[in-house]
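Enquirer: This is the structure, below, for whatever I ask next.
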Amino acid sequence: MLGSPFLAIDMFSNGIFERYQPSTMSSIFSLVYMTGWVCSIVALYKMKATGTRRLGRSVLVVQLLFLTLGEIWNIYSIIKPFETSMLFRILDLFWPISNCFMFFTGLTVLMAKRLSGWRRYIPFVVGLWFPTCLVLTRLLFGSSEATLYITALYSATAWLLLGLAAYTSRDEKIKIDFEKVIPELRATA
C-alpha cells in the first residue's frame, strides 16, 4: 500500500508520454512502486487467490517473473537512466508487459472466486489500468493534463486497493481458518 502513490508521484515529477524525462529519481519512484506491486502479488500467491490448479498458480508466477524483470530495469535505470543498450530496451519492455499481463492475473483471480466481496474485483481493476489510462484516455484526451491526472489518480487508487485487498483478505483467511479450528478443538476436548 505504501508503494501505490509512487507512480503518480513519478508522473507528476517527470511527466508521461512525450513529456517523460528519464532520471535516477524517476527510476527510484518506479522501483518503490513496483516493489509494492510485487508484495501484493506474493500475498495473492500465498493466499492461492488464483486457485489451487497449476494454471492459476502459474499466472501469478508469470506475473512475478515479469515484475522481477521490470525491477531489474528499474535498478539498471537508477544507475544509468539514459542507457540505450539492447538489454536496457528489452528490460524496459517488462514495465508495459507487467501491466498488460495484470489484466489476465486479475481475470484469473476474479474467476477463481477465492477472495470475497470487493477484494475479488480489485486485481481485475488494476489489470484495467493500462488499457483504460494509457490507451483510452490518451485517445480521448491526448497528452493533456486530464490524461495525466486520470492516469495518476487511477494508478494510486488501484494499487492502494490491491494492497488493501491482499492485506485484508489475509486477515479474513486467518479468521476463517481460526473459526474452523474452534469446532475441531471442541470436538477433541
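Enquirer: Which residues, counting only those in the range 80-90, are in a loop (DSSP other than H, G, I, E, B) and surrounded by 15 or more Cβ atoms within 10 Å (Cβ to Cβ)?
Expert: Applying the first criterion (in a loop (DSSP other than H, G, I, E, B)) to the range 80-90 yields 80-85.
Across the range 80-90, the qualifying residues are P81, E83.
Enquirer: Here is a follow-up. Tell me which of these I28 doesn't satisfy, since it passes every other one: (1) within 24 Å of T147 (Cα to Cα); (2) in contact (Cβ under 8 Å) with a residue 60 or more places away in the chain.
Expert: The one condition I28 does not meet is (2).
Enquirer: Which residue pairs have Cβ atoms closer than 6 Å, lie 6 or more positions apart in sequence or on different chains, and pair a first residue in the range 118-131 that is more than 16 Å from L153 (Cβ to Cβ) with a second residue that is modelled with pLDDT of 95 or more and aromatic (F, W, Y)?
Expert: Once the first residue is more than 16 Å from L153 (Cβ to Cβ) and sits in the range 118-131, its partners that are modelled with pLDDT of 95 or more and aromatic (F, W, Y) give G127/F103.
Enquirer: Consider S77 carefully, then state whether it is surrounded by 15 or more Cβ atoms within 10 Å (Cβ to Cβ), within 12 Å of the chain's Cα centre (by Cα) and in a helix (DSSP H, G or I). Lay out the reasoning, then the answer.
Expert: On the way: surrounded by 15 or more Cβ atoms within 10 Å (Cβ to Cβ): yes; within 12 Å of the chain's Cα centre (by Cα): no; in a helix (DSSP H, G or I): yes.
Considered against the rule, which asks whether it is surrounded by 15 or more Cβ atoms within 10 Å (Cβ to Cβ), within 12 Å of the chain's Cα centre (by Cα) and in a helix (DSSP H, G or I), S77 comes out as no.
Enquirer: Another question, then. Quick check: anything in the range 142-158 closer than 21 Å to M47 by Cβ and assigned to a helix (DSSP H, G or I)?
Expert: The answer is yes, given that some residue of the range 142-158 is closer than 21 Å to M47 by Cβ and assigned to a helix (DSSP H, G or I).
Enquirer: I would also like to ask the following. Is it true that G56 is of a type in the set (G, A, S), part of a loop (DSSP other than H, G, I, E, B) and either within 25 Å of Y167 (Cβ to Cβ) or modelled with pLDDT of 95 or more (or both)?
Expert: On the way: of a type in the set (G, A, S): yes; part of a loop (DSSP other than H, G, I, E, B): no; either within 25 Å of Y167 (Cβ to Cβ) or modelled with pLDDT of 95 or more (or both): yes.
Considered against the rule, which asks whether it is of a type in the set (G, A, S), part of a loop (DSSP other than H, G, I, E, B) and either within 25 Å of Y167 (Cβ to Cβ) or modelled with pLDDT of 95 or more (or both), G56 comes out as no.
Enquirer: Between L69, L110, which is surrounded by 16 or more Cβ atoms within 10 Å (Cβ to Cβ), at pLDDT 95 or above and either within 27 Å of Y20 (Cβ to Cβ) or among the acidic types (D, E) (or both)?
Expert: Values: L110 fails: either within 27 Å of Y20 (Cβ to Cβ) or among the acidic types (D, E) (or both).
Exactly one of L69, L110 is surrounded by 16 or more Cβ atoms within 10 Å (Cβ to Cβ), at pLDDT 95 or above and either within 27 Å of Y20 (Cβ to Cβ) or among the acidic types (D, E) (or both), namely L69.
The values are calculated or read from the model by the stated rules, or taken from the named source; none is laboratory data. Predicted model, so just to flag it, every value in this text is computed and none were measured. Cβ atoms come from the backbone with ideal geometry, glycine included; neighbour counts cover every protein chain shown.
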